[in-house]
Amino acid sequence: TIQCNTKEFFTDKYHYTIVDAPGHKDYIKNMITGSATADVGLLLVPAEKGGFEAAIAKADAKLGVEEGQTRQHARLLYLLGVEQLIVGINKMDSCQWSEDRFNEIKEEFVKMLQLIGFK
């Protein structure tokens, strides 16, 4: 996704708008624009070894390490006032659907979100 795309649907009580915002670092301005009015965010994080770690990496200018995209997106969502997140762990097939890997990712991700300010 380069531009934000939207899809609307309605229930008897609510009007929902799903915004598909770009995840690539070259389109971060579009991600911010699409997320600015969100009530809830959806973040996907890969389960593959190395992929998850890169996604939540802390930036380190001295070592030349860029901040992980998922960490950056979580921080931006928090700064935009999004207080609720749905987190999906994808690519579980890369770790043979390991429950241990799932729990490791869940624990690390929750720690990261709490450091950012999410409850």
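Restricting the search to the range 1-22, which residues are surrounded by 15 or more Cβ atoms within 10 Å (Cβ to Cβ), of a type outside the set (Gly, Ala, Ser) and either part of a strand (DSSP E or B) or within 15 Å of the chain's Cα centre (by Cα) (or both)?
We begin by selecting, within the range 1-22, every residue surrounded by 15 or more Cβ atoms within 10 Å (Cβ to Cβ); these are 4, 19, 21-22.
Next, from what is left, pick out any that are of a type outside the set (Gly, Ala, Ser): 4, 19, 22.
Scanning the range 1-22 gives Val19, Pro22.
Looking across the range 46-89, just one residue is surrounded by fewer than 16 Cβ atoms within 10 Å (Cβ to Cβ), under 17 Å from Gly117 (Cα atoms) and β-branched (Val, Ile, Thr), and that is Ile86. Residues that are closer than 22 Å to Ala21 by Cα, of a type in the set (Gly, Ala, Ser) and touching a Pro at 6+ places or on another chain (Cβ under 7 Å) are absent from the range 81-102.
Within the range 78-105, residues that are over 16 Å from Ser35 (Cβ atoms) have Cβ atoms under 8 Å from residues that are modelled with pLDDT of 95 or more and among the polar types (S, T, N, Q) in these pairs: Met92/Ser98, counting only partners at least 6 apart in sequence or on another chain.
With the structure loaded, tell me whether Arg71 is assigned to a helix (DSSP H, G or I), under 18 Å from Gly51 (Cα atoms) and touching a Cys at 6+ places or on another chain (Cβ under 9 Å) or whether it fails that test.
Details: assigned to a helix (DSSP H, G or I): yes; under 18 Å from Gly51 (Cα atoms): yes; touching a Cys at 6+ places or on another chain (Cβ under 9 Å): no.
So Arg71 fails the test.
Return a yes/no flag: does the range 23-33 have any residue that is assigned to a loop (DSSP other than H, G, I, E, B) and under 13 Å from the mean Cα position of the chain (by Cα). Yes, that holds for at least one residue.
Tell me, please, whether a residue that is free of Cβ contacts under 8 Å to residues at least 60 places away in the same chain, over 24 Å from Asp100 (Cα atoms), outside any loop (DSSP other than H, G, I, E, B) and of a type in the set (D, E, K, R) can be found in the range 58-66.
Filtering the range 58-66 down to residues free of Cβ contacts under 8 Å to residues at least 60 places away in the same chain leaves 58-66.
Remaining after also requiring over 24 Å from Asp100 (Cα atoms): 59-66.
If we keep only those that are outside any loop (DSSP other than H, G, I, E, B) too, we end up with 60, 65.
Right, trim to of a type in the set (D, E, K, R) and you get 60.
Within the range 58-66, one or more residues are free of Cβ contacts under 8 Å to residues at least 60 places away in the same chain, over 24 Å from Asp100 (Cα atoms), outside any loop (DSSP other than H, G, I, E, B) and of a type in the set (D, E, K, R).
The values are calculated or read from the model by the stated rules, or taken from the named source; none is laboratory data. Just so you know, these numbers come straight off a predicted model, no measurement behind them. For neighbour counting, all protein chains shown are included, and Cβ atoms are generated from backbone atoms with ideal geometry for every residue, glycine included.
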